[in-house]
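Trainee: Sharing a structure with you now.
The values are calculated or read from the model by the stated rules, or taken from the named source; none is laboratory data. Here the structure is a predicted model, which means the values were calculated and not measured. Reconstructed Cβ throughout: ideal geometry from the backbone, glycine too, with neighbour counts over all protein chains shown.
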């Protein structure tokens, strides 16, 4: 009978999409853990261009500090078929982005983060990793219920019980607005990390990467772009002393 290795105290698995938040979380994890692996998901997202950003952004972040030796394997999972059978959203189909009767943007993919964490925990179990790191946030966000801290706490308990092994779900951005997320990046990796995230990460729900704004690529009008742009502007206004490229 084969068994999985015991969870390593110095290891973490980062849910890494190629976006600003998950990129910041990757740097955060690399700064704290002895071994860091990443996992990404294709779920039929219309902004699948984010997946093209993953490898170069991952490499750029790892090269900014003595992190290259810390960064381990990357795993990509295709769960698009399963989610497609449950219905389309503005995140997974060419549907106009709007607010639903429930008060949520129709970019909400029901259960997405719950599935992500379940798959990530299963991989972490096999890899002997006890900590999952995700960019979920309930400060500057679109109101998704599966981004709330109470949801993360419940998932941490459920995963620990279901795997009969302690699972820790770390969400370093949970109470940071987007301005504070840019500031965290500056603290972790200076101007080089900020620039890597600004130009190398992707957040735009429409998958637009033709126009580079001061805050990064995007359409500029979807909820993700608006949050990212507003956070950048607040952060730059507060950090007049920050020198680009320093």
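Trainee: Within the range 19-50, take every residue that is closer than 21 Å to residue 127 by Cβ and surrounded by fewer than 19 Cβ atoms within 10 Å (Cβ to Cβ) and give me the one that is nearest to the chain's Cα centre (by Cα).
Mentor: Ranking the candidates gives 42 first.
Trainee: For the range 161-186, how many residues are within 17 Å of residue 137 (Cβ to Cβ) and out of contact with any strand residue (DSSP E or B) (no Cβ under 9 Å at 6 or more places or on another chain)?
Mentor: Residues in the range 161-186 being within 17 Å of residue 137 (Cβ to Cβ) and out of contact with any strand residue (DSSP E or B) (no Cβ under 9 Å at 6 or more places or on another chain): 13 in total.
Trainee: Another question, then. I'd like the full set of residues that are surrounded by fewer than 17 Cβ atoms within 10 Å (Cβ to Cβ) and touching a helix residue (DSSP H, G or I) at 6+ places or on another chain (Cβ under 7 Å), limited to the range 166-185.
Mentor: Scanning the range 166-185 gives 166, 168.
Trainee: Exactly one of (1) without any contact (Cβ under 8 Å) to a residue 60 or more places away in the chain; (2) surrounded by 18 or more Cβ atoms within 10 Å (Cβ to Cβ) is unmet by residue 200. Its number?
Mentor: (1)
Trainee: Please state which one of 245, 143, 130 is closer than 26 Å to residue 118 by Cα and at pLDDT below 95.
Mentor: 143
Trainee: For the range 1-79, list the strands (runs of 3 or more DSSP E) that sit wholly inside it and hold at least 3 residues that are at pLDDT below 95; which are they?
Mentor: Numbers: elements: 8-15, 35-42, 71-78.
Result: 8-15.
Trainee: For residues in the range 131-158 being touching a helix residue (DSSP H, G or I) at 6+ places or on another chain (Cβ under 7 Å) and over 20 Å from residue 228 (Cα atoms), which is surrounded by the fewest Cβ atoms within 10 Å (Cβ to Cβ)?
Mentor: 151
Trainee: Here is a follow-up. List pairs: first in the range 64-76 and on the phi > 0 side of the Ramachandran plot, second modelled with pLDDT of 95 or more and surrounded by 14 or more Cβ atoms within 10 Å (Cβ to Cβ), Cβ under 9 Å, 6+ apart or cross-chain?
Mentor: Short answer, once both residue conditions are applied: none.
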